[in-house]
Amino acid sequence: MGDLISPLGLGIFNVLSWPNILIPVLGTILAMIPSFLPGIGGASVAAVAIAATLTWDPVSVLLLFGALTGGATFMGSITAILFNIPGNASSAAVLLDGYPMARGGRARTAIACAATASALGSVFGVLVLIAILPFVQPLLLQFGPLEKFLLGVWGLSTIIAVPSNSPIRAVAVTLLGLILAMVGADPETSRPRWTFGNFELFDGFNTVAMFLGFFTLAEIISWRRSYEVKAIAPGPEAGDSTRQGVLAVFRHWGLTIRSAVIGTLVGVIPGVGGTVASFVAYGHAVQSAGDRSRFGKGDIRGVIAPEAAVDAKDGGSLLPVLALGLPGSEGGVILLTVLGIHGFVPGTPMLTTDLSFTYTLIFALLLSNILTSLLGVALAPSLARLTRLRIDRVALPMLVASLVTVVQLNGLLVDLYAAVGFGMLGYFFKQFGWPRVPFVIAFVLGGFIESNLNLSLQLFSYGRIAPQERPAAWVIAAIILLSVWWMSRRFSVRAKRPAPSLSEPAFAVPLLAAAGVFALVSLRGGAAYSGYAQLIVWSGVVVLGVIALAGSRSFLRSRETGAPTEPPIIAKAHRLPLLLLGLQPVAVWLLGPPIAIAAMVGVWLSAGSQGRPGRLLIAALVAAATGLAVAKYLDQIAMLRLPRPAFFALLAGIF
Amino acid sequence: MRAFSGLTGSLTQELILRIFNLMASAAMLATLAAQSGSAQTPATAECAELFRGQRITIIVPNAPGGGYDLYARSIAPVLEQASGSSVRISYNSGGGGRAALVSVAEAGADELVMLIDSTIDVLSMLALGDNALSYGSVRILGVMHTDPDAWIGRAGIDLGSPETRELVASASSAEANFAGINLAALAMRLQARVVSGYSGSADTTAAVMRGETDFAPASLTTARKTAASSDLEILMVLSEGAYPAVPDAPYLAGEGGIVWQRSASLPEAERAELQALARQAVNLSTGSRALFASASLRPAAFACLAAATETTLMSDAFRQAAEAVGRPVSPMTARDAEALVVRTIAALAEAAPLFDQFRAEMKP
């Protein structure tokens, strides 16, 4: 024990001594930059820092990179809560309840709660890390594909507890999420699957593009001169305070600790990201809640769980790099490079002779997590005021920002097309009351489950997995069975039959047609379409077929009996934004993002000008300025080299 | 989940197409040879004029922070000095590397755009003929470093012993590791079963550490780092003869190599055939980190870009910058790099029938 204490003490001293402490503070600030300037990724900042710190002493370098690893996690949640825009994929789960809280006048509580849960999760993760460090190597090797597969299944099983007015719709959207998660290369054969000849989809749909579309764009559609939502979020509700947010975390201390355990566990498993951690924790929060009716509508427990999990994961995620030299992410690759440059050998040396350096890195990460949380709590009142902006006025800037952000994710226009597609899907999910959370959980976990199932089956067929020798798998399997049993006892299915409406078949039939096309394509077989893929897609066809058929029959019957007049499927106020958004992929392909976005801005603004020349002129000027700014941003800041727009390529071909 | 069954098999329609491809690639080899011969050293003043006010873009096919990014960042300031142009780095990580390749291949005649990637990855993508690209779509400008593949595996596996008959490998993609695993195993007369679908080299190595598989292919640089951090060993380097950086490590081809040891009891002709197969595996698994430009770039611009690249890659400034961030450097001139491309295309064409058979046997 004495051997441990002195490196531990040295690690703490390295972080807190003067002027060392300035370095993690600087690292935290640097890590926060990408949250506000989406053109500069966190990895870019770290890559620049590698070169800038070549001559630094090893302790200073570890202090900086520890802070860079931990600093950015929480900041992504602020934009998710305030604007429904996830700063990164792992902060997406927070928007499910964080954003409704902010719209409901509880932004301050939500931010303070997220910051506190984040800090506590981080402290928990680091404490566990310190406790398990001596025997971490064998522990890390307990988690193979079988355990990862079961972890994914556990996350997926929590969908049972997600509130839904129709279980069959929940099943349908879960299958849809799993189907769309399969687009891209088959994990075993690497053959393209449902990419329709588009090589840019080889890696599948980008998760952040999906979130930006499904939540942000879908929401913005209903913001323009909306008659259905209040143009201004209500003023702070009574009881909306930083104190309430902080206290809520302690009031739900059990959930905070359980979510932090999930986050730490996920962090320790190499190659499992924060997105999985946050959604598994969110699902757990829903399934373990007594009253789950508020989830998705602004339940504070939906903020606590993902935040505590994501930050608890940060500490654990260092372990595969430190203990085995295995980077499970881009951040891990950078850290491994940094360790190599400064003479550290990952593996046993980092856990024995260099243990004080390991602790230095861990405590720098902890300090950075706590600093960002403190900043979040301190800024909560000011940030919460941003929700007082009129949403019909912020809609257009947010739409432009979302489209630009999505293009610069990978420098691919296909991400913009996908985001728009998911935006439409998300909008209609919302309009027709189809549950969105099961879709998102299935989409996030789908690829993870499939690839690990596939690996487990291959290993099993070669006799390389002996289930009796996998205690971690048994533990996770037991947790799954217990949670399903718990949920089935606790939540009896109270299916509320939706009122007969044209919307049911009107939405289900196109989805059925799309799933049918996917199913027919899969029938052509080939090495890309595994049994799993076929099973999921055909199940989707069957379930959507049942919904479409039942919905049509019930609607026709209600017509015969003189049902009330149908409200329009698309509200009048939403038609223009929906049309403009729907046209973006074509316009972007034809004219390129700057002109397409400028045209959208021009039409959006001039539609409200009632033909007044002055307003039309202003609309034209704003559109032109936006186009120039977008062009400048994509070229000079994001430094993208996008394909030549089809129209200009055609012109170049002619002349 | 597959074991490549061997050389026998019927000629499929795809295979016949491949033979046509082979003939086409022979024609391409002639073109490339002619191109490499035609590259002339441009006049400095001409290049200075050409580069003035221009911008060179280096496209990295991954997210920021990886190995290629670090190479690109080491190249950029030196190339700026060598060319007099501004140099920027752009990231295009989609489509498993295809997006970046297509972006460079389709660049205009006056666009100074370079791709930084592995020769074997680029040529394999071009060989598959996706996206209407062919071997003639891009031209190599120079090589920063050449790194052979190695098998990193559990300690105690003796590949030289004929008693070692069957092993299980972990790989992210079975197709991408065809040469490094299947072709090498075929030369060794070893049954190599591949578990594919792991999410990267760290994941494949973790599988070996967990005992799920016996070995994983990795670049020698990565394999050496992993061996230093764990109980795993470098089982073999896919090189012909001992590799200078690891002279004591077993190697695949050449006298005294694994194939030579395992085939000791075979007739001479059969031994030679297996050695040829081993050389093919070496050629097709050795990755050279290289720079490419569009083949449609004007010849004068290409010549200037190649000259500036060569100056950069051969400079001490680049070597120091790259080595400082842990990137090894063993540069090659454009002419040598062109020769490497020609050899690799020939090896790809030679291995095409075996590869097609392997693909045809693939079932999920």
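Output the residues belonging to region B:323-337 that are assigned to a helix (DSSP H, G or I) and away from every other protein chain (no Cβ under 11 Å). Walk me through how you get there before you give the answer.
Of all residues in region B:323-337, those assigned to a helix (DSSP H, G or I) come to B:323-324, B:334-337.
B:334, B:335, B:336, B:337 - these are the residues of region B:323-337 that are assigned to a helix (DSSP H, G or I) and away from every other protein chain (no Cβ under 11 Å).
Which residue out of A:321, A:345, A:338, A:333 is over 22 Å from residue A:86 (Cα atoms) and either in contact with a Phe, Trp or Tyr (Cβ under 6 Å, 6 or more places away or on another chain) or among the basic types (Lys, Arg) (or both)?
On the way: A:321 fails: either in contact with a Phe, Trp or Tyr (Cβ under 6 Å, 6 or more places away or on another chain) or among the basic types (Lys, Arg) (or both); A:345 fails: either in contact with a Phe, Trp or Tyr (Cβ under 6 Å, 6 or more places away or on another chain) or among the basic types (Lys, Arg) (or both); A:333 fails: either in contact with a Phe, Trp or Tyr (Cβ under 6 Å, 6 or more places away or on another chain) or among the basic types (Lys, Arg) (or both).
The unique qualifying residue is A:338.
Within region A:421-430, is even one residue away from chain B (no Cβ under 14 Å) and modelled with pLDDT under 85? Before the answer, list the steps.
Quick first cut of region A:421-430, residues away from chain B (no Cβ under 14 Å) only: A:421-430.
Now narrow it down to the ones that are modelled with pLDDT under 85: A:430.
So far as region A:421-430 goes, yes, one or more of its residues are away from chain B (no Cβ under 14 Å) and modelled with pLDDT under 85.
I'd like the residue in region B:68-81 that is of a type outside the set (A, V, I, L, M) and more than 8 Å from chain A (Cβ to nearest Cβ) and, out of all such residues, is nearest to residue A:206 (Cα to Cα).
Applying the filter and picking the extreme gives B:68.
Give the residue that is farthest from residue A:404 (Cα to Cα), with candidates limited to residues of region A:627-650 that are without any contact (Cβ under 8 Å) to a residue 24 or more places away in the chain and away from chain B (no Cβ under 13 Å).
Per the criteria, the residue is A:650.
Does residue A:366 satisfy the condition of being buried (at least 22 other Cβ atoms within 10 Å of the Cβ), closer than 30 Å to residue A:82 by Cα, touching a helix residue (DSSP H, G or I) at 6+ places or on another chain (Cβ under 8 Å) and away from chain B (no Cβ under 14 Å)?
Details: buried (at least 22 other Cβ atoms within 10 Å of the Cβ): yes; closer than 30 Å to residue A:82 by Cα: yes; touching a helix residue (DSSP H, G or I) at 6+ places or on another chain (Cβ under 8 Å): yes; away from chain B (no Cβ under 14 Å): yes.
In short, yes.
Filter region A:341-350 down to the residues that are in a helix (DSSP H, G or I) and either touching a residue at least 60 places away in the same chain (Cβ under 8 Å) or more than 11 Å from chain B (Cβ to nearest Cβ) (or both) and list them by number.
Quick first cut of region A:341-350, residues in a helix (DSSP H, G or I) only: A:341, A:348-350.
Residues satisfying the conditions are A:341, A:348.
One line per residue, one yes/no per condition, for (1) within 14 Å of chain B (Cβ to nearest Cβ); (2) crowded, with 22+ Cβ neighbours inside 10 Å:
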| residue | (1), (2) |
| --- | --- |
| A:339 | yes, yes |
| A:352 | yes, no |
| A:373 | no, yes |
| A:381 | no, no |
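Residue check: is residue A:197 assigned to a loop (DSSP other than H, G, I, E, B) and either within 14 Å of chain B (Cβ to nearest Cβ) or closer than 30 Å to residue A:9 by Cα (or both)? Working first, answer last.
Numbers: assigned to a loop (DSSP other than H, G, I, E, B): yes; either within 14 Å of chain B (Cβ to nearest Cβ) or closer than 30 Å to residue A:9 by Cα (or both): yes.
Yes: the conditions hold for residue A:197.
Would you call residue A:411 within 14 Å of chain B (Cβ to nearest Cβ) and either in contact with a Ser or Thr (Cβ under 9 Å, 6 or more places away or on another chain) or touching a residue at least 40 places away in the same chain (Cβ under 8 Å) (or both)?
Yes: the conditions hold for residue A:411.
Could you please find all residues in region B:113-161 being within 12 Å of another protein chain (Cβ to nearest Cβ), closer than 25 Å to residue B:80 by Cα and buried (at least 24 other Cβ atoms within 10 Å of the Cβ)?
Once the filter is applied, which keeps residues that are within 12 Å of another protein chain (Cβ to nearest Cβ), closer than 25 Å to residue B:80 by Cα and buried (at least 24 other Cβ atoms within 10 Å of the Cβ), region B:113-161 yields B:114, B:115.
Of the numbered conditions (1) away from chain A (no Cβ under 14 Å); (2) buried (at least 19 other Cβ atoms within 10 Å of the Cβ); (3) of a type in the set (Gly, Ala, Ser); (4) not in a helix (DSSP H, G or I), residue B:293 satisfies every one except a single condition; which is it?
(1)
Residue by residue, here is whether (1) at pLDDT 90 or above; (2) among the aliphatic types (A, V, I, L, M); (3) not in a helix (DSSP H, G or I) holds:
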position: A:512; (1), (2), (3): yes, yes, no
position: A:515; (1), (2), (3): yes, yes, no
position: A:521; (1), (2), (3): yes, yes, no
position: A:526; (1), (2), (3): no, no, yes
position: A:535; (1), (2), (3): yes, yes, no
position: A:539; (1), (2), (3): yes, no, no
position: A:553; (1), (2), (3): no, no, no
position: A:558; (1), (2), (3): no, no, no
position: A:575; (1), (2), (3): no, no, no
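Of all residues being of a type in the set (Ser, Thr, Tyr), within 9 Å of another protein chain (Cβ to nearest Cβ) and surrounded by fewer than 24 Cβ atoms within 10 Å (Cβ to Cβ) in region B:82-96, which is farthest from residue B:306 (Cα to Cα)? Just the residue, please.
Here the residue is B:93.
Output the helices (runs of 4 or more DSSP H) that fall wholly within region A:360-471 and possess 1 or more residues being in contact with a strand residue (DSSP E or B) (Cβ under 8 Å, 6 or more places away or on another chain), or say none.
Fully inside region A:360-471 and qualifying: A:437-461.
Restricting attention to region B:213-226, and to residues there that are outside any strand (DSSP E or B) and surrounded by 24 or more Cβ atoms within 10 Å (Cβ to Cβ), which single residue is farthest from the other protein chains (Cβ to nearest Cβ)?
Going through the qualifying residues, I end up with B:220.
For the condition assigned by TED's automatic domain parsing to the domain that holds residue B:292, of a type outside the set (Phe, Trp, Tyr), crowded, with 23+ Cβ neighbours inside 10 Å and touching a Ser or Thr at 6+ places or on another chain (Cβ under 9 Å), what is the one hit in B:99, B:184?
Answer to the selection: B:99.
Yes or no: residue B:179 assigned to a strand (DSSP E or B) and either free of Cβ contacts under 8 Å to residues at least 12 places away in the same chain or more than 24 Å from residue B:304 (Cα to Cα) (or both)?
When the stated conditions are applied, residue B:179 does not pass them.
If I go through region A:134-151 residue by residue, how many of them are in a helix (DSSP H, G or I) and either buried (at least 23 other Cβ atoms within 10 Å of the Cβ) or under 27 Å from the mean Cα position of the chain (by Cα) (or both)?
Adding up the residues that qualify gives 8.
Looking only at region B:46-60, decide whether some residue is modelled with pLDDT under 50 and among the β-branched types (Val, Ile, Thr).
no
Kindly check whether there is at least one residue in region A:445-460 that is outside the structural domain of residue A:636 (by TED's automatic domain parsing) and free of Cβ contacts under 8 Å to residues at least 12 places away in the same chain.
yes
Step by step: first the residues of region A:96-131, then only those that are touching a residue at least 24 places away in the same chain (Cβ under 8 Å), in a helix (DSSP H, G or I) and surrounded by fewer than 24 Cβ atoms within 10 Å (Cβ to Cβ), then the one that is farthest from the chain's Cα centre (by Cα). Which residue is that?
Pass one, region A:96-131, residues touching a residue at least 24 places away in the same chain (Cβ under 8 Å): A:96-126, A:128-130.
Still in the list and also in a helix (DSSP H, G or I): A:96-103, A:107-126, A:128-130.
After this cut, where a residue has to be surrounded by fewer than 24 Cβ atoms within 10 Å (Cβ to Cβ) as well, the list is A:100, A:103, A:123-124, A:128, A:130.
On the way: A:100: 16, A:103: 20, A:123: 23, A:124: 23, A:128: 25, A:130: 29 Å.
Only one residue fits best here, namely A:130.
The values are calculated or read from the model by the stated rules, or taken from the named source; none is laboratory data. Just so it is clear, the structure is predicted and the values come from calculations on it, not from any experiment. No Cβ is skipped: glycine too gets one built from the backbone with ideal geometry, and neighbour counts run over all protein chains shown.
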